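A.B. asks: First, the structure itself, so that you have it in front of you.
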Amino acid sequence: MSHIEKDQEACKNVLQVEFNYRQKLPKVIENILASIEDDQCFAHVGDDPIHFTTSVKEMIEKFRQIIFPGYFSNEKVDRANLRFNIGQNVSQLYDILSEQVMHVLRHDCLRYGQACTVCESRGNETAMKLIESIPDLRVMLSKDVRAAYAGDPAAKSFDEIIFSYPGLYAIMVYRIAHLLYQEKIPQLPRILSEHAHSVTGIDIHPGAKIGESFVIDHGTGIVVGETSEIGNNVRVYQNVTIGALSLPPDAGEQLRWSKRHPTIEDDVIIYSGATILGGETRIGARCVIGGNVWLTSSVPPDTKVFIETPRQIYKSQETEKEYENEYTA
């Protein structure tokens, strides 16, 4: 048998193997369909799709271009075209926002058999409310920018913070999502906040109440739960959790609408790795919570909480003997 014939035979064998596997697909498909019919598993069949991914990103970008005009535009924005630029972005944002609100309301109405919520009219009303709130959002986020700059010597300008800080991005998306949450719009607030979570690693539930001049420094791994209340001028570092205590398996529904997360008063600093849990936990004004602290009870105002410094062990690489480090550079 020649080399060509051997290659052809090998190709036939590969094709036969592929055919044999494909013959199994109908049975696999039947098994998947059977699992879809099982009420224990989840499926979204027969309901209108909600095209979130592209629209949510576009919505956030439109908000960002209006809140921080000129920073994130593809074209130069100057005084001559500012009115046109803002007008175009506002009009496009209104269309996207009203449509998305309408879709989520209609989706839940039909899927869960709810009473009619006049979804189209409510979509228009909600979109207008959010757009009317943009001047206030701009003021609030400007305070967040200034607070970040004031407390971060590494920041060389306000522009650097606006262009590049993930904490500011997460706070901006939270403040938008929180407005939707207050309007009792389903799905959309959480999808907005989870988009920011996926981009920044910062998880702020849209139901949380957060005051002005809020700073997230570094940011990765931060969690702020739904019923958290955070005052003004609070600074939070990476890997901080402001969360809920774990619940018994049967308590979730009972406590779903109760306060489960801490209250942080004004002018508090929470350093990296700290965990603060529980709806009855209150951190008083002007407290400093040190790194890796674990708290499930309240702290009075003007208190520093920190972990006792652990004993460091120093060993010589030559003798393996321990010694007390008195070295100074």
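The values are calculated or read from the model by the stated rules, or taken from the named source; none is laboratory data. Every value quoted in this text rests on a predicted model; they were computed, and no experiment measured them. Here the Cβ positions follow ideal geometry from the backbone for every residue, glycine too, while neighbour counts run over all protein chains shown.
A.B. asks: For segment 183-201, what are the residues that are farther than 17 Å from Ile171 by Cβ and assigned to a helix (DSSP H, G or I)?
C.D. replies: Matches in segment 183-201: Leu188, Ile191.
A.B. asks: Right, here's the next one. Which numbered condition trips up Ala155, out of (1) small (Gly, Ala, Ser); (2) at pLDDT 95 or above; (3) assigned to a helix (DSSP H, G or I)?
C.D. replies: Unmet for Ala155, out of (1) small (Gly, Ala, Ser); (2) at pLDDT 95 or above; (3) assigned to a helix (DSSP H, G or I): (3).
A.B. asks: Here's a follow-up. Looking only at segment 172-207, how many residues end up being surrounded by fewer than 19 Cβ atoms within 10 Å (Cβ to Cβ) and among the basic types (Lys, Arg)?
C.D. replies: 2
A.B. asks: Among the numbered conditions (1) more than 30 Å from Val45 (Cα to Cα); (2) surrounded by fewer than 16 Cβ atoms within 10 Å (Cβ to Cβ), tell me where Ala115 comes up short.
C.D. replies: That leaves (1) as the condition not met.
A.B. asks: Quickly run through segment 86-106 and pick out the residues that are among the acidic types (Asp, Glu) and surrounded by fewer than 15 Cβ atoms within 10 Å (Cβ to Cβ).
C.D. replies: Within segment 86-106, just Asp95 meets the criteria.
A.B. asks: Moving on to the next point. Quick one: would you say Glu125 is assigned by TED's automatic domain parsing to the domain that holds Ile242 and acidic (Asp, Glu)?
C.D. replies: Judged against the criteria, Glu125 is not a match.
A.B. asks: Does segment 58-85 hold any residues that are basic (Lys, Arg) and loosely packed, with under 13 Cβ neighbours inside 10 Å, and which are they?
C.D. replies: Lys76, Arg79, Arg83
A.B. asks: Residues to consider are His195, His178; find the one that is within 20 Å of Asp266 (Cβ to Cβ), at pLDDT 95 or above and of a type outside the set (Val, Ile, Thr).
C.D. replies: Exactly one residue qualifies, and that residue is His178.
A.B. asks: Does Glu9 fit the bill of being part of a helix (DSSP H, G or I) and at pLDDT below 85?
C.D. replies: Taking the combined requirement at face value, the residue satisfies it.
A.B. asks: Can you name every residue in segment 222-278 that is at positive phi and touching a Lys or Arg at 6+ places or on another chain (Cβ under 7 Å)?
C.D. replies: Asp267
A.B. asks: Does Asp217 qualify as being surrounded by fewer than 19 Cβ atoms within 10 Å (Cβ to Cβ) and either over 24 Å from Tyr165 (Cα atoms) or not polar (S, T, N, Q) (or both)?
C.D. replies: no
A.B. asks: Now for a different question. Of all residues in segment 66-92, count the ones that are within 29 Å of the chain's Cα centre (by Cα), in a helix (DSSP H, G or I) and not aliphatic (A, V, I, L, M).
C.D. replies: 6
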